[in-house]
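A.B. asks: For reference, the structure I am asking about is given below.
The values are calculated or read from the model by the stated rules, or taken from the named source; none is laboratory data. Note that the structure is predicted; figures quoted are calculated from it, not measured. In this analysis, Cβ positions are derived from the backbone assuming ideal geometry, glycine residues included, and neighbour counts consider all displayed protein chains. Surface areas here come from the heavy atoms of the whole protein model, side chains and all, with no ligands, DNA or RNA. Shrake-Rupley method; radii C 1.70, N 1.55, O 1.52, S 1.80 Å.
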Amino acid sequence: MYVGVDEAGKGPVLGPMVAAAVRADPESLPADVDDSKRVAPDRRREIAAALRAADAVDVAVATVETSEIDAPDTDMNTLTVRGQARAVRGVARAGDRVVADAGDTSEARFARRLRGFVVDPERETVAPVADVAVDAAHGADESDPVVGAASIVAKVARDARVAAIDASYPAYDRVGSGYPSDPTTRAFLAAYVADHGDVPPHARRSWSTCADALAAAEQSGLDEF
């Protein structure tokens, strides 16, 4: 039994980043656990529900909200470490082995920083874990079943947050996936900025996508003037 951890929503312009940790014996997991991107949405939800209901599996989810993402004194690598560490501390026990999907170009550096945040949290209010061993690898959500399970839990939790965000804007058609490459998301931001003169509260205003929407609205106003 060991802990796997991964996150979802590192790149979107809307909504939080969500990290999840799963503590389990790989043999206790569904056979089709995999990187969440390779599992159909309905099946992801089924797997996540089964993991949460299983007595032999521990699950923890942590969120990094847009206000924290937009803070000027941080960066996404640090926020990824911090989010994963919060989730790990929700399930890990002293002496556990943790396997993480590396959110940094250097797997060793990510593993070292993650362990540091787990055993000695920086600016956190939750209790640390006495000691853990941490390994990190790129693509661990594909190669390691427990990390794959964490990937699925994180994705399902992130999708639920996006659905709630969508429901909070009934005056607009859809907010889309929240990713900058999604035309529906970009159209929503443009429409919201045109109506309100600012990006919505759920947007990561430090993202260039938000800056583009604000600049386009300002230029449109100048053209009308």
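A.B. asks: Using a 1.4 angstrom probe, figure out how much accessible area the chain has per residue, in square angstrom, rounded to the nearest whole.
C.D. replies: 47 Å²
A.B. asks: I would also like to ask the following. Work out how far the C-alpha atoms of the stretch 109-225 reach from end to end along every principal axis, then list the three figures in whole Å, largest first.
C.D. replies: Over the stretch 109-225, Cα extents along the principal axes are 62, 28, 25 Å.
A.B. asks: Starting from the exponent 0.38 and prefactor 2.2 Å, build the expected Rg for the chain from its residue count and divide its actual Cα Rg by it.
C.D. replies: Against the compact-globule rule of thumb, the ratio is 1.09.
A.B. asks: Picking from A94, P183, T66, whose Cα lies most toward the positive end of the charge dipole for the chain (charges on Cβ: Lys, Arg +1; Asp, Glu -1)?
C.D. replies: Ranked along the dipole, the leading option is A94.
A.B. asks: Compute the angle between helix 107-119 and the longest alpha-carbon principal axis of the chain, please, reported from 0 to 90 degrees and rounded to the nearest 10.
C.D. replies: 80 degrees
A.B. asks: What does the highest-first list of 127-133, 50-56 look like by mean Cβ count within 10 Å?
C.D. replies: Ranking, from highest mean packing down: 127-133, 50-56.
A.B. asks: Still on this structure, please answer the following. Distance from the Cα centre of the stretch 51-90 to that of the stretch 1-29, in angstrom?
C.D. replies: When both Cα centres are located, 8 Å separates them.
A.B. asks: Could you order the peptides 152-164, 175-187 from most to least packed, using the average number of other C-beta atoms within 10 Å per residue?
C.D. replies: Per-residue mean Cβ counts within 10 Å order the peptides as 152-164, 175-187.
A.B. asks: Accessible surface of E218 in the full protein assembly, 1.4 angstrom probe, to the nearest 10 Å²?
C.D. replies: Counting only protein heavy atoms, the figure is 120 Å².
A.B. asks: Taking +1 at the Cβ of each Lys and Arg and -1 at the Cβ of each Asp and Glu, which of F110, G9, V162 sits farthest along the dipole of the chain towards its positive end, judged by Cα position relative to the Cα centre?
C.D. replies: It is F110.
A.B. asks: Using the Karplus equation 6.51 cos²θ - 1.76 cosθ + 1.60 (θ = phi - 60°), what ³J(HN,Hα) coupling, rounded to whole Hz, does each residue of the stretch 73-88 give in order, writing x for Gly and Pro?
C.D. replies: With the stated coefficients, the stretch 73-88 comes to 9, 9, 8, 5, 4, 5, 5, 5, 4, 5, x, 4, 5, 4, 5, 4 Hz.
A.B. asks: A further question follows. Quick one: what are the phi-derived ³J(HN,Hα) couplings along the stretch 42-56, Karplus 6.51/-1.76/1.60 with θ = phi - 60°, whole Hz, x for glycine and proline?
C.D. replies: 4, 5, 4, 5, 5, 5, 4, 5, 5, 5, 5, 8, 6, 5, 8
A.B. asks: Still on this model: Calculate one ³J(HN,Hα) per residue across the stretch 186-195 by plugging θ = phi - 60° into the Karplus curve 6.51 cos²θ - 1.76 cosθ + 1.60, and present them in order as whole Hz with x for glycine and proline.
C.D. replies: Here the 3J(HN,Hα) series is 5, 5, 4, 4, 4, 5, 5, 5, 4, 7 Hz.
A.B. asks: Now a separate question. If you place +1 on the Cβ of every Lys and Arg and -1 on the Cβ of every Asp and Glu, how big does the dipole about the Cα centre of the stretch 65-142 come out, in debye to the nearest 20?
C.D. replies: The dipole magnitude comes to about 360 debye.
A.B. asks: Sticking with this one: Keeping every protein chain in place, order K37, K10 by accessible area at 1.4 Å, biggest value first, i.e. largest first.
C.D. replies: K37, K10
A.B. asks: Now for a separate question. Specify the angular offset, from 0 to 90 degrees and rounded to the nearest 10, of the alpha carbon long axis of helix 145-167 from the longest principal axis of the alpha carbons in the chain.
C.D. replies: The two axes meet at around 30 degrees.
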